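Enquirer: I am attaching a structure below and will ask some questions about it afterwards.
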Amino acid sequence: MNSLDPSVSALSVWLALESPTHHTPGVNGMMDLVAGEVEGLPIAVERIPGRNGLGDSLILRAGLATGEPAIAVMSHLDTVHPVGTSAHDLPVRVEGDRLYGPGVYDMKGGAWLALQAFKQVALAGSAKRPLVFLFTPDEEIGSPTTRGLIEDIGRTSAAVLVTEPAREGGKIVTARKGVGRFEVRLEGRPAHSGARHADGRSAIREAAHQILAIEAMTDYARGVTTTVALMGGGTAANVIPQHAWFSVDLRVASAADGVALESQILALSPRDPDVRISVTGGMNRPPYEKSPEGAALFETARAIAAGIGFDLQDCAMTGGGSDGNFTAALGVPTLDGLGIDGEGAHTLSEYGLISSIAPRQALIKGLLETV
């Protein structure tokens, strides 16, 4: 395959329209592209205006309105790359089997190929159940405006297919860790660091103690990780710091650990009684644990893939969260990582493998027709 391949040309149009989460014109432009693709097809389109300064959502519906639970496909059209990335650091281009561009792997490639499968099944009328395809604008920041919509669609679905990128060598995802995010703010007492040092109470020193305590909560055997990756504080080089802050990223493998670690972090208490500490946040994505129903759905997908000509595998529980966490936590059989194969999510070397587009499109088509 090469840049003359029609799938590459069509997907390249999507990549050229940059759509970082907070760039609403770009995200809504992506929704326009999707709506334009299905115009005139037997697909109903519902557009939901964005909230809180974020982009719109789009729901496509096809198949017979039998009242049966639907098969739902879910894709996000926001990316992490700022506008201008394609002009400088990550131009849209083909090198051998690799298609490069902002968001090609996470996850415009998967959204595009799934839309093609959805259109094929809608045109052929070959689905056993009603079909729903949800495109969202804010997954990369935790889906703050679309979680309710995702869960509403999940509750009325027999299965959910999420088009996040494939893992190593094309593996799909059947379990993900839950994600928690917290902000910790500390207030000490300022003083001149030379003349009145003893009068001060350092918020940064207290933050250092708290950060070490939080990092010590990591327990690889339980699948718990805690990370402080952002921090700040202080007033001037000669002042005992009155203020400090840091953020905490929490990942857990089980719902019970989510409850336990959330309580532990929210209950942080100062080592220095003269420093005040406040903690906000909590779990924002529940763990997506592999269920018997999810495992059965994976076996269905594996059989479909074998018929197409490839051996589909799943991977161990992955640390990253997705919208699949929300539907899986409701008990809805969920398959994730059904998107394009490649590498480099969130980096300037992001690419998708062109050779993975056709077989993975065929896999989603098979799932839409079979489940």
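The values are calculated or read from the model by the stated rules, or taken from the named source; none is laboratory data. Given the structure is predicted, the values throughout are model-derived calculations rather than measurements. All Cβ positions, even for glycine, are placed from backbone atoms using ideal geometry, and neighbour counts span all protein chains on display. SASA here: full protein model, heavy atoms, side chains in, ligands and nucleic acids out. Shrake-Rupley method; radii C 1.70, N 1.55, O 1.52, S 1.80 Å.
Enquirer: With all distinct Cα pairs included, what does the Kirkwood hydrodynamic radius of the chain come out to in Å, to one decimal, could you say? Intermediate values should be presented prior to the final figure.
Expert: Working: mean 1/r = 0.0454 Å⁻¹.
With all distinct Cα pairs of the chain included, I get 22.0 Å.
Enquirer: Oh, and also: Looking at the range 331-371, I'd like the Rg to Rh ratio, where Rg is from alpha-carbon atoms and Rh is Kirkwood's inverse mean 1/r.
Expert: Working: Rg = 12.8 Å, Rh = 11.8 Å.
Taking Rh as the inverse mean 1/r over Cα pairs, Rg/Rh reads 1.08.
Enquirer: Simple spin-label model, 7 Å along Cα-to-Cβ: A229 to A345 in nm?
Expert: 1.2 nm
Enquirer: Further question: Please compute the alpha carbon radius of gyration of the range 1-160, then divide it by the globular-protein estimate 2.2 N^0.38 Å. Two decimals is fine.
Expert: 1.05
Enquirer: Please report the accessible area of S355 (heavy atoms, 1.4 Å probe, ligands and nucleic acids excluded) in Å², nearest 10.
Expert: 60 Å²
Enquirer: Here's a follow-up. Pull out the extension gain between A267 and R222, defined as 0.36 nm times the separation in residues minus the alpha carbon to alpha carbon distance; nm, one decimal.
Expert: Working: separation 45, 0.36 × 45 = 16.20 nm, distance 2.10 nm.
My answer for the length gained is 14.1 nm.
Enquirer: While we're on this one: For the chain, give the percent of accessible area contributed by carbon and sulfur heavy atoms, probe 1.4 Å, rounded to a whole number.
Expert: The C+S portion of the solvent-accessible surface of the chain is 54 percent.
Enquirer: Between exposed trypsin sites (Lys or Arg not before Pro) in the chain, where DSSP calls loop and at most 15 other Cβ atoms lie within 10 Å, what's the longest gap?
Expert: Details: sites that count: R51, K128, R196, R271.
Within the chain, the longest run free of exposed trypsin sites (Lys or Arg not before Pro) spans 272-371.
Enquirer: Let me ask something additional. Checking a compactness column here: for the range 96-171, what do you get for Rg(Cα) / (2.2 N^0.38 Å), N being the number of residues? Kindly include the intermediate steps, with their values, before the conclusion.
Expert: Values: Rg = 14.3 Å, N = 76, 2.2 N^0.38 = 11.4 Å.
Relative to the rule-of-thumb radius for its length, the range 96-171 sits at 1.26.
Enquirer: OK, next. Local charge sum around D272 (other residues, Cβ-Cβ under 14 Å, Lys/Arg +1, Asp/Glu -1)?
Expert: My count for the surroundings of D272 gives +1.
Enquirer: Something else: Tell me, what is the percent relative contact order of the range 4-95, built from C-alpha pairs under 8 Å that lie six or more residues apart? Mind dumping the intermediate values first?
Expert: Numbers: 90 pairs, mean separation 31.5, N = 92.
Once divided by the residue count of the range 4-95, the mean separation gives 34 percent.
Enquirer: For the range 156-208 and the range 73-97, compute the distance between their C-alpha centroids and round to whole Å.
Expert: 26 Å
Enquirer: Per residue, how much accessible area does the range 260-371 have with a 1.4 Å probe, in Å²?
Expert: 41 Å²
Enquirer: Where the centroid of each part is defined by its Cα atoms, how far is the range 119-143 from the range 292-371 in Å?
Expert: 14 Å
Enquirer: Extension gain E215-D249, at 0.36 nm per residue separation less the Cα-Cα distance, in nm?
Expert: 11.2 nm
Enquirer: Another question about this same structure. Excluding ligands, DNA and RNA, what is the solvent-accessible area per residue of the range 168-224 at a probe of 1.4 Å, expressed in Å²?
Expert: Per-residue value: 50 Å².
Enquirer: Same structure, new question: Indicate the gyration tensor shape class of the range 191-332 (rounded, prolate or oblate), computed on the Cα atoms with a ≥ b ≥ c the square roots of the eigenvalues: a/c under 1.5 is rounded; otherwise a/b larger than b/c is prolate and the rest oblate.
Expert: The shape class here is prolate.
Enquirer: If you take the square roots of the eigenvalues of the alpha-carbon gyration tensor of the range 150-231 and sort them as a ≥ b ≥ c, do you get rounded (a/c under 1.5), prolate (a/b over b/c) or oblate?
Expert: Cα axes put the range 150-231 in the prolate bin.
Enquirer: Moving on to the next point. Where both residues lie in the chain, what percent of DSSP beta bridges are antiparallel, nearest 5?
Expert: 75 percent
Enquirer: Give me the net charge of G50's neighbourhood, meaning all other residues with Cβ under 9 Å from the Cβ of G50; Lys, Arg count +1, Asp, Glu -1.
Expert: Working: positive: R51; negative: D56, D138.
Around G50, the charge tally is -1.
Enquirer: Amide H to amide H, which residues 5 or more places from G320 or on other chains are under 5 Å from it, using H placed in the peptide plane?
Expert: Answer set, sorted by chain and number: K177.
Enquirer: Here is a follow-up. Tell me, what is the per residue accessible area of the range 60-134 in Å², probe radius 1.4 Å?
Expert: Here the per-residue accessible area is 35 Å².
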